[in-house]
Amino acid sequence: MFVYRTNGIETDSRKKLRFEFFHNGNRAADDSSNAYYVEFGAVYQPFNALRISASPEYGINRNKLQYLDNIDVDGQTRYLNGTVDQRTLSMSLRLNYTINPNLTIQYWGQPFISRGRYSNFKEVVDPLAKNFDDRISPFLENQLSLSEDVYSVDDDLDGVADFSFENPDFSFVQFRSNLVLRWEYIPGSEIFLVWSQDLSQSGNPGEMLYRDLRNTVFNKEKPQNIFLIKVTYRFIL
């Protein structure tokens, strides 16, 4: 069972500059997970032909029973889980400009980053137990060791690792954009010129969200660029 909360507010849509705010959240009744999301939007329309908007978004997701892997140990399957603390930050940017009724320009861009850090590793021992704590068996601190991004588990504390799994921490960084020029050269017939750009790669889970986004998107890889031309013609019989 989850408990939800949602609220939103916006200013007068007739104004040239207007704002909106929205947030929602939920929490499991047994406190095994909770999430929160907030969005702030600003729209500026100085005249009818031009509209500019920006919508930053931030989300938090915490789950104490996040699936990691199933590992076979001495013929027995071990169901590994952990507590994930995931943070997601993005911002959608839009521009719509009508040069004349037959010629328009549209732009959309979105920097995006999602980072997850794991802790409190555990295994599922009784998935149907009524109480959350009865479903799991946490690993003790001295049972776990991390080396070269791999966790080793020493079940019986004899100094020999019984099994291992990769460090599940992650950071995914992306920047996407589209620029579209639309020209209706005769009524019902159009030409679209499209420039699409994409940069997607892994970041550093140990960095702060904004710093990792800035370092990864603007200082490293070259984006993938796609150029398209679409032509339509309306036949009138």
Note the direction-averaged projected area, equal to a quarter of the hull surface, for the Cα convex hull of the stretch 83-237, in nm². 16.4 nm²
In a GNM of the chain with a 10 Å cut-off on Cα contacts, which of Arg14, Arg87, Arg78 has the highest mean-square fluctuation? Arg14
So what is Rg over Rh here for the stretch 67-128, counting just Cα atoms and using Kirkwood for Rh? 1.44
Kirkwood hydrodynamic radius (C-alpha pairs) into Stokes-Einstein, the stretch 96-156, 25 °C and 0.890 mPa s, D in µm²/s: 146 µm²/s
Expressed as a rounded percentage, what relative contact order does the stretch 2-231 have, with Cα pairs under 8 Å and six or more residues apart? 13 percent
Once Lys and Arg get +1 and Asp and Glu get -1 on their Cβ, which of Gln76, Ala54, Ser33 lies farthest toward the positive end of the dipole of the chain? Ala54
Hey, what do the phi angles of the stretch 223-236 turn into as Karplus ³J(HN,Hα) couplings, whole Hz, using 6.51/-1.76/1.60 and θ = phi - 60°, x for Gly and Pro? x, 8, 10, 10, 10, 10, 10, 10, 10, 10, 9, 9, 8, 10
With +1 on each Lys and Arg Cβ and -1 on each Asp and Glu Cβ, how big is the dipole of the chain about its Cα centre, in debye rounded to the nearest 20? 2320 debye
Based on C-alpha coordinates, I'd like the Rg and Dmax of the stretch 12-68, in Å. 17.4, 52
Exposure proxy check: Ser92, Ser171 ranked by fewest other beta carbons within 10 Å? Ser92, Ser171
For the stretch 33-49, what does the Karplus curve 6.51 cos²θ - 1.76 cosθ + 1.60, with θ = phi - 60°, yield as ³J(HN,Hα) per residue in whole Hz, taken in order and with x for Gly and Pro? 7, 7, 9, 8, 9, 9, 9, 10, x, 9, 10, 10, 10, x, 8, 4, 7
Per-residue ellipticity at 222 nm attributable to helices in the chain (runs of n ≥ 4 DSSP H, -39500 (n - 2.57) apiece, nearest 500 deg cm²/dmol) works out to -1500 deg cm²/dmol
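Values in this text are rule-based calculations from the coordinates and carry no lab data. Computed from a predicted structure; not experimentally measured. Don't worry about glycine lacking a Cβ; one is built from the backbone with ideal geometry, like all the others, and counts go over all protein chains shown.
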